[in-house]
Amino acid sequence: MSAIKERIAAINAEIARIRPNAGVRLMAVSKNRTRAEIEEARAAGVRLFGENRVQEAREKWQEKFAIELHLIGHLQTNKIKYAVTVFNAIDSVDSERVADGIDRLAAPGVMSVMAEINPGREAAKTGMMPEALKPFLANAGRFSHLKFDGILAVLPQPRDSSREESQRIRRLMQETAEIWRMCRSEGWPWAPLSELSMGMTHDYAWALEAGATMIRIGEGIFGPRAQQG
Ligand SMILES: *Cc1c(COP(=O)(O)O)cnc(C)c1O
């Protein structure tokens, strides 16, 4: 078995152990990866991929060979016109401005999107402040070409391996899951919010425990990546 295939099997086993039969989806984050590496993940059964740069995705994914491709990185307004054609979903809607742009350029179709939040209130991260999410979604019915299928969250990197730090991150994850459930229970027709996309290589087990329905794994599938985005 290839290393990629083995790592995918191990992650699927963890998902099955922590959240048996919950239908959790594994997204392979393929930024900076070659087509051959992506092909291996696909051969191992992965059907959901995430990229964080529009330009890279445009070059790499000219034919999508029967998979689902999501954008998970910040979207600049001048790239929206490409993003709506390259991606099946845009999971990183972090402002009214981006939502407006997608709404305009996705017409006459409907684009599946997620609202991104910044649970740790980190200045260096994109995403709405947690308390801004509900008012944003409550007003999102005015976008006739957007369907809010979920919430995406990127948690802070733990500062150290202490118990306090892990508890801090896990608490933020639980709060994020609560906000997601609260918004979903509003029953907004434009925001079914079936997905909570949360958890990466280093913290996905905590995210699954907190209620994530989709985890986004890069290094844990493809191995360490060269330093950069
Ligand atoms: C790169 C990236 C991931 C995957 O991170 P890993 O640590 O490699 O698992 C997940 N989500 C987002 C938004 C990313 O940019």
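Remarks
- Selection within the stretch 206-225: residues that are among the charged types (D, E, K, R) and part of a helix (DSSP H, G or I). The member of this set that is nearest to the ligand (Cβ to nearest atom) is GLU219.
- Scanning the stretch 186-229 for residues that are buried (at least 17 other Cβ atoms within 10 Å of the Cβ) and of a type in the set (Ser, Thr, Tyr) turns up SER197, THR201, TYR204, THR213.
- Selection of the stretch 193-205 for residues being touching a helix residue (DSSP H, G or I) at 6+ places or on another chain (Cβ under 7 Å) and outside any loop (DSSP other than H, G, I, E, B) yields LEU196, ALA205.
Let's see how each residue does on (1) assigned to a loop (DSSP other than H, G, I, E, B); (2) more than 16 Å from the ligand (Cβ to nearest atom); (3) not charged (D, E, K, R):
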residue	(1), (2), (3)
VAL46	yes, no, yes
GLU56	no, no, no
LEU69	no, no, yes
HIS74	yes, no, yes
ILE80	no, yes, yes
ASP91	no, no, no
ALA99	no, yes, yes
LEU105	no, yes, yes
GLY109	yes, yes, yes
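- Tabulated pairs, the stretch 1-23, first charged (D, E, K, R), second not in a helix (DSSP H, G or I), C-beta under 8 angstrom, 6+ apart or interchain: LYS5/ALA44; ARG7/GLY223
- Positions within the stretch 91-148 being acidic (Asp, Glu) and over 21 Å from GLY50 (Cβ atoms), in sequence order: GLU96, ASP100, ASP103, GLU131
Every number in this text was worked out from the coordinates using simple rules, so none of it is lab data. All values derive from a computational prediction rather than experimental measurement. We place every Cβ from the backbone using ideal geometry, glycine too, and count neighbours over all the protein chains shown.
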